[in-house]
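K.L.:
Here it is, the structure, as structure tokens.
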Amino acid sequence: MSPYALSVLMSSLAVGTITTLSSTHWFLAWMGLEINTLAIIPLMTKTHHPRGAESATKYFLTQATASGLILFSTAINAWTLGEWTITDLNPTSSTILTIALAMKLGIAPFHLWLPDVMQGLNLMTGLILSTWQKLAPMALLITISHQLSPDLLMLMAILSTVVGGWGGLNQIQMRKIMAYSSIAHLGWMIMILTFSPTLTILSLIIYITLTTSMFMMMINLCSTNINKLATSWLKTPTLSALMMITLMALGGLPPTSGFLPKWLIIQEMTKQHMGLMSTIMALSALLSLFFYLRLSYVISLTTAPNISNSNLMWRARLKPVMVMPIIITLSLMLMPITPILLTII
């Protein structure tokens, strides 16, 4: 792809997200979501492969349906209340809008498009879809969190955490595993959305940090499935060890950064007298932790046989990405400074 076209598309992604974040009018927020959708579709099809075209088609159809629902709900809201302000919603519009934003994010039971779309993308586009494309819909959900139905959000959250943990168990493709990881993490975010939006923001920040560091290491190691991941220890032992710890952080093991959001969310759910829900969420997190542990086992103990007298042929020269050490450090050591960050937010 031409650098000029790539710069225009990346700028359009930024403009679409900033438009949605800064809007107080539903039509302007819808325009920002549409700019985001239209900007990422050429990035999906730049590989000139049938899987890329299939992913772009599935993504476009899903996002177009969700955008239609957003327009429908806001039109109903403007008809009943006489205004297009984001902060005022009637119950019918709120329910339809929650479903539409859940489709855009890939929250269960509207998640079926996400693993298939992720599998057809290259790793950099998958990184954008897993992180940047979550910002605008999640910002809208946080803005209207006080008007959403807690029962509907809890139902989708439980489904997302269970589906995200269960769906990733038999996967061997890294992009599908990251897609199911995204579904599970989104379940944790929306579970606490109506009770503590601040915790949702904190969980989103840590999720984006962990996912970005994971994708950057996969890009450097050229690992798209478990078989390629098994040779990473012989190529770059240090980066493979960091990848193992990042996987533990995604699973939520202490003392990594991924543990704190789950801990705070379960603590808040306990204060709200939601003991059964918190128990189900904690048990579903064990399913996700299982396939993260399996990936760590693949990295560390199932290395490919060394067919040479020297290990030098397995060594890979890392691509110089200046931001990667910072992202990895944050994903592993953010927990001590997270209480300060939470206080600031």
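The values are calculated or read from the model by the stated rules, or taken from the named source; none is laboratory data. Every value quoted in this text rests on a predicted model; they were computed, and no experiment measured them. Methodologically, a virtual Cβ is constructed for each residue, glycine included, from the backbone with ideal geometry; neighbour enumeration extends over all protein chains shown. These accessible areas exclude ligands, DNA and RNA; they are computed on the full protein's heavy atoms, side chains included. Shrake-Rupley method; radii C 1.70, N 1.55, O 1.52, S 1.80 Å.
K.L.:
Choose one answer from MET274, MET178, MET333: the residue with the largest mean-square fluctuation in a GNM of the chain with alpha-carbon springs under 10 Å.
P.N.:
Evaluated over the chain, the most mobile residue of the options is MET274.
K.L.:
Among MET156, MET269, MET103, which one shows the highest mean-square fluctuation when the chain is modelled as a Gaussian network with alpha-carbon springs under 10 Å?
P.N.:
Of MET156, MET269, MET103, the most mobile in the Gaussian network model is MET269.
K.L.:
Angle between the Cα long axis of helix 323-333 and the longest principal axis of the chain, 0 to 90 degrees, nearest 10?
P.N.:
Compared with the principal axis, the helix lies near 80 degrees.
K.L.:
Okay, moving on. Which whole-number percent is the relative contact order of the chain (Cα, under 8 Å, 6+ apart)? Could the numbers behind the result be given before it?
P.N.:
On the way: 467 pairs, mean separation 51.6, N = 345.
Relative contact order, the chain: 15 percent.
K.L.:
Could you tell me which residue out of PRO115, HIS273, MET31 lies farthest along the dipole of the chain toward its positive end? Charges go on the beta carbon: Lys and Arg +1, Asp and Glu -1, centred on the Cα centre.
P.N.:
The residue sitting most towards the positive pole is PRO115.
K.L.:
Normalised by the number of residues in the stretch 1-116, what is the relative contact order in percent for Cα pairs under 8 Å and 6+ residues apart?
P.N.:
On the way: 114 pairs, mean separation 25.3, N = 116.
Contact order relative to length: 22 percent.
K.L.:
If I fit a long axis through the Cα atoms of helix 91-105 and take the longest principal axis of the Cα atoms of the chain, what angle between them do I get, 0 to 90°, rounded to 10?
P.N.:
20
K.L.:
Right, next: Hey, what angle do you get for helix 50-81 against the long axis of the chain, alpha-carbon based, 0 to 90 degrees rounded to 10?
P.N.:
On a 0 to 90 degree scale, this one is about 20.
K.L.:
At 1.4 Å probe size, with the rest of the protein present, what percent of the exposed accessible area of the chain is carbon and sulfur atoms?
P.N.:
71
K.L.:
Suppose a student asked you for the relative contact order of the stretch 157-246, using Cα pairs under 8 Å spaced at least 6 residues apart; what percent would you report? Each step should come with its number before you reach the end.
P.N.:
Working: 75 pairs, mean separation 23.7, N = 90.
Relative contact order, the stretch 157-246: 26 percent.
K.L.:
Could you give the accessible area per residue of the stretch 94-182, probe 1.4 Å, as a whole number in Å²? Write out the running numbers ahead of the final one.
P.N.:
Working: 2610 Å² over 89 residues.
It amounts to 29 Å² per residue over the stretch 94-182.
K.L.:
Contour minus end-to-end for LYS228 and ILE280, with contour as 0.36 nm per residue of separation and end-to-end as the Cα-Cα distance? All intermediate terms of the calculation are to be shown ahead of the outcome.
P.N.:
Working: separation 52, 0.36 × 52 = 18.72 nm, distance 3.39 nm.
Full extension of this stretch gives 15.3 nm more.
K.L.:
Here is a follow-up. For the chain, what is the calculated [θ] at 222 nm in deg cm²/dmol (nearest 500), taking -39500 (n - 2.57) for each run of four or more DSSP H residues and dividing by its residue count?
P.N.:
On the way: 17 runs with 256 residues, N = 345.
So the calculated ellipticity at 222 nm is -24500 deg cm²/dmol.
K.L.:
While we're here: Cβ under 14 Å from VAL117's Cβ, VAL117 left aside: what net charge do those residues give with Lys, Arg +1 and Asp, Glu -1? Working shown, then result.
P.N.:
Values: positive: ARG51, LYS58, LYS104, LYS134, ARG175, LYS176; negative: GLU54, ASP116.
Within the 14 Å Cβ shell, the charges total +4.
K.L.:
Gain in length, SER22 to HIS273, computed as 0.36 nm per residue apart minus the alpha-carbon separation, to one decimal in nm?
P.N.:
On the way: separation 251, 0.36 × 251 = 90.36 nm, distance 3.52 nm.
Difference between extended and current length: 86.8 nm.
K.L.:
Then there is this: Name the most mobile residue of THR143, THR17, THR200, meaning the one with the largest mean-square fluctuation, in a Gaussian network model of the chain with Cα contacts below 10 Å.
P.N.:
Result for the chain, Cα springs under 10 Å: THR143 fluctuates most.
K.L.:
Quick one: length gained pulling LEU81 to LEU112 fully straight, 0.36 nm per residue minus the C-alpha distance?
P.N.:
Values: separation 31, 0.36 × 31 = 11.16 nm, distance 3.42 nm.
That works out to 7.7 nm of additional length.
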